[in-house]
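Written below as structure tokens is the structure these notes are about.
The values are calculated or read from the model by the stated rules, or taken from the named source; none is laboratory data. Since this is a predicted model, take the numbers as computed values, not measurements. Here the Cβ positions follow ideal geometry from the backbone for every residue, glycine too, while neighbour counts run over all protein chains shown.
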Amino acid sequence: MRAFAIAIVAALIVLPAAAEAPIQLKKGEGLDKVEGNCAACHTLAYIPMNSPYLDAKGWEAEVNKMIKAYGAPIDEADAKAIKEYLSKNYGI
């Protein structure tokens, strides 16, 4: 019984950590801007999850929405780099 209790406690510690595995985005120019700005507010898992649906205009709209509607503090130069990175690496 004691071994079973230890196994349960170990699973409760390990499973949440495994579920939070870091997302590895494609290497490319602007990745640092994406990681530094986007990950401050939400998981980067949204990028590959949405990539089958978004082209360059779609990514531009998403980045603009994050800035204008949600108030993301992303400066103009970083926003441009983020849009270019997403369009090139995750656009359709």
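Couple of notes before you dig in:
- All helices (runs of 4 or more DSSP H) inside region 27-92 with 2 or more residues being loosely packed, with under 12 Cβ neighbours inside 10 Å and either at pLDDT 95 or above or touching a Cys at 6+ places or on another chain (Cβ under 8 Å) (or both): 56-68, 76-90
- Filter pass, residue 23 being surrounded by 10 or more Cβ atoms within 10 Å (Cβ to Cβ) and modelled with pLDDT of 65 or more: yes
- Within region 19-55, considering residues that are touching a residue at least 40 places away in the same chain (Cβ under 8 Å) and of a type in the set (A, V, I, L, M), the one nearest to residue 75 (Cα to Cα): 34
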